[in-house]
Amino acid sequence: MKLSCAKNELVNALQIVSKAVASKPQTPILSGIYLRAEAGVLELQATNYEIGLVSRIPAEIEEPGQIALSGRYFQEVVRKLPGDNVDISFNREEKIVHIRSNQANFTLLSMNASEFPTVKPVEGTLQFQIKDNILRSLIKKTVFACASDESRPIFTGCYLEVDDTKVTMAATNTHRLAVRYETFDQPIGSIKIIIPSRILQELLHNMTSEIPTDVTVTCSYNQISFAFDNLYMTSRLIEGVFPDYRRVIPPEFATSVTLNAAEFSSAVDRVSLISRAGDYNIIKLEFANNQVHITSNNPDIGNAEEAVPASIEGPELTIAFNAHYIIDVLRNIDSETCQIRLNQPLSPAAVREQGDENYIYIVTPVRTAH
């Protein structure tokens, strides 16, 4: 194998695939990155069996071939190379990979490429295309609501339901729920799966195109893949049945509050500084007199309060929440104003974007001692 490629493209490709390099590999080969060079393309792969990442970049290939290298050292070396171009060559007899750039010259011992479990294309029961800006919105508005606690795996992923022309993504940690809908022009089939939040975060991180690009999604009973540009990502699905999230959404609300999302977010962030040291990071919101009065107190630290103007329709009330759950949703709202809809102090509340009926966030209040 002998090739030359642009350093910045190699660095970017390594940054992408290194996310799938196993930190505690079951076998040593999983700590490696696999390279295959042929027909003007250098393909990089990494997998930990849960997720597989593949990135392709253009390269001048003198001799095609395949190698596997220690992911950690290869990435570190390439990142620090001095030149704009990188030359990589492999001596099969010595099992040594030569990496050159300007005056810098490295040799790394290769791993056995034939042992590497290369990422195979997912052959699915359902395949559809979706624009990356739509997929980005589905993920961004929901994935933050997933649970991080691995003891209940079904809550660590986003539920994807495709039903004819309607696509729904939902996520919950049982204390909050985020649901986003999209409608397609044509029917695309039907499926109900749970996708690990980790692959969705990676996807979000890599969908950076300014112009809407098609993402090809392929699902099988236990795997999903996403293909776009020069990237291919696969992931195992989470087994289990996602709860019926529709039951959690109240059919109607007595009080509706409209307020500036950025202003409210900043105020909650400031006031919650005091309560952050506590177990539940509780803030109290009093909706009255056309304003939201936000308070928090911690007997060991002090108190904080701030008021934000709001338009309130319906009965006034006071309700307490985990501040994180409010800040998280406000960070992901794109409209200038948002709506908070409420019933009783201990009933779930909803947060919605102004003018977007396809998104709803439900959050459970916290019971406080008066």
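The values are calculated or read from the model by the stated rules, or taken from the named source; none is laboratory data. Computed from a prediction, not measured in an experiment: that's the story for all the values here. Every residue, glycine among them, receives a Cβ derived from its backbone with ideal geometry; neighbour counts consider all protein chains shown. All accessible areas refer to the heavy atoms of the entire protein, side chains included, with ligands and DNA or RNA removed. Shrake-Rupley method; radii C 1.70, N 1.55, O 1.52, S 1.80 Å.
If you go through region 39-53 one residue at a time, how many are closer than 18 Å to residue 21 by Cβ, aliphatic (A, V, I, L, M) and out of contact with any Ser or Thr (no Cβ under 8 Å at 6 or more places or on another chain)?
Selection size over region 39-53: 1.
Specify the residue that is nearest to residue 47 (Cα to Cα); the eligible residues are those in region 121-147 that are of a type in the set (Val, Ile, Thr) and either assigned to a helix (DSSP H, G or I) or out of contact with any Lys or Arg (no Cβ under 7 Å at 6 or more places or on another chain) (or both). If you could, list the steps in order and put the result at the bottom.
Of the residues in region 121-147, the ones of a type in the set (Val, Ile, Thr) are 122, 125, 130, 134, 139, 142-143.
Retained after the next criterion (residues that are either assigned to a helix (DSSP H, G or I) or out of contact with any Lys or Arg (no Cβ under 7 Å at 6 or more places or on another chain) (or both)): 122, 125, 130, 134, 139, 143.
Working: 122: 14, 125: 23, 130: 25, 134: 27, 139: 22, 143: 22 Å.
Only one residue tops the list, namely 122.
Tally time: how many residues in region 148-176 are assigned to a strand (DSSP E or B) and either without any contact (Cβ under 8 Å) to a residue 40 or more places away in the chain or within 16 Å of residue 128 (Cα to Cα) (or both)?
Residues in region 148-176 being assigned to a strand (DSSP E or B) and either without any contact (Cβ under 8 Å) to a residue 40 or more places away in the chain or within 16 Å of residue 128 (Cα to Cα) (or both): 9 in total.
Regarding residue 43, is this residue free of Cβ contacts under 8 Å to residues at least 60 places away in the same chain, within 23 Å of residue 202 (Cβ to Cβ) and in contact with a Leu (Cβ under 8 Å, 6 or more places away or on another chain)?
yes
Can you find, within region 356-370, the residue that is modelled with the lowest pLDDT among those that are over 18 Å from residue 168 (Cα atoms) and open to solvent by 30 Å² or more (accessible area, probe 1.4 Å)? Even if it seems obvious, please write down each step before you answer.
From region 356-370, those over 18 Å from residue 168 (Cα atoms) are 363-370; that's our starting set.
Applying the additional criterion that residues be open to solvent by 30 Å² or more (accessible area, probe 1.4 Å) yields 364, 366-370.
Numbers: 364: 97, 366: 93, 367: 87, 368: 80, 369: 66, 370: 53.
The selected residue is 370.
Which one of 264, 287 is buried (at least 20 other Cβ atoms within 10 Å of the Cβ), under 16 Å from residue 352 (Cβ atoms) and out of contact with any helix residue (DSSP H, G or I) (no Cβ under 8 Å at 6 or more places or on another chain)? Write out each step before concluding.
Working: 264 fails: out of contact with any helix residue (DSSP H, G or I) (no Cβ under 8 Å at 6 or more places or on another chain).
Going through 264, 287 in turn, just one is buried (at least 20 other Cβ atoms within 10 Å of the Cβ), under 16 Å from residue 352 (Cβ atoms) and out of contact with any helix residue (DSSP H, G or I) (no Cβ under 8 Å at 6 or more places or on another chain): 287.
Yes or no, residue by residue, for (1) open to solvent by 60 Å² or more (accessible area, probe 1.4 Å); (2) of a type in the set (Phe, Trp, Tyr); (3) part of a loop (DSSP other than H, G, I, E, B):
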site	(1), (2), (3)
178	no, no, no
182	no, no, no
232	no, yes, no
253	no, yes, yes
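Let me spell it out: the conditions are (1) touching a strand residue (DSSP E or B) at 6+ places or on another chain (Cβ under 8 Å); (2) in a loop (DSSP other than H, G, I, E, B); (3) open to solvent by 30 Å² or more (accessible area, probe 1.4 Å), and residue 295 meets all of them except one. Which number is the exception?
(2)
Specify the residue that is modelled with the lowest pLDDT; the eligible residues are those in region 288-306 that are among the hydrophobic types (A, V, I, L, M, F, W, C) and under 33 Å from the mean Cα position of the chain (by Cα).
Ranking the candidates gives 304 first.
Of the residues 38, 9, 62, only one is farther than 24 Å from residue 228 by Cα, of a type in the set (Asp, Glu) and more than 19 Å from the chain's Cα centre (by Cα); which? Before the answer, list the steps.
Details: 38 fails: farther than 24 Å from residue 228 by Cα; 9 fails: farther than 24 Å from residue 228 by Cα.
None of the others qualify; the one that does is 62.
Out of the residues in region 113-130 that are of a type outside the set (Ser, Thr, Tyr) and open to solvent by 80 Å² or more (accessible area, probe 1.4 Å), which is farthest from residue 5 (Cα to Cα)?
127
Within region 228-248, which residues are modelled with pLDDT of 95 or more, under 30 Å from residue 9 (Cβ atoms) and either among the aliphatic types (A, V, I, L, M) or out of contact with any strand residue (DSSP E or B) (no Cβ under 7 Å at 6 or more places or on another chain) (or both)?
231, 233
For region 83-106, give me each residue that is open to solvent by 80 Å² or more (accessible area, probe 1.4 Å) and farther than 15 Å from residue 34 by Cα.
Of everything in region 83-106, those that are open to solvent by 80 Å² or more (accessible area, probe 1.4 Å) and farther than 15 Å from residue 34 by Cα turn out to be 84, 85, 92, 93, 94, 100, 102, 103, 105, 106.
Considering each of 107, 47 in turn, give the residue that is among the β-branched types (Val, Ile, Thr) and within 17 Å of residue 3 (Cβ to Cβ).
Unique residue meeting the criteria: 107.
Report the residue count in region 267-281 for those that are assigned to a helix (DSSP H, G or I), open to solvent by 50 Å² or more (accessible area, probe 1.4 Å) and either touching a strand residue (DSSP E or B) at 6+ places or on another chain (Cβ under 7 Å) or hydrophobic (A, V, I, L, M, F, W, C) (or both).
Selection size over region 267-281: 2.
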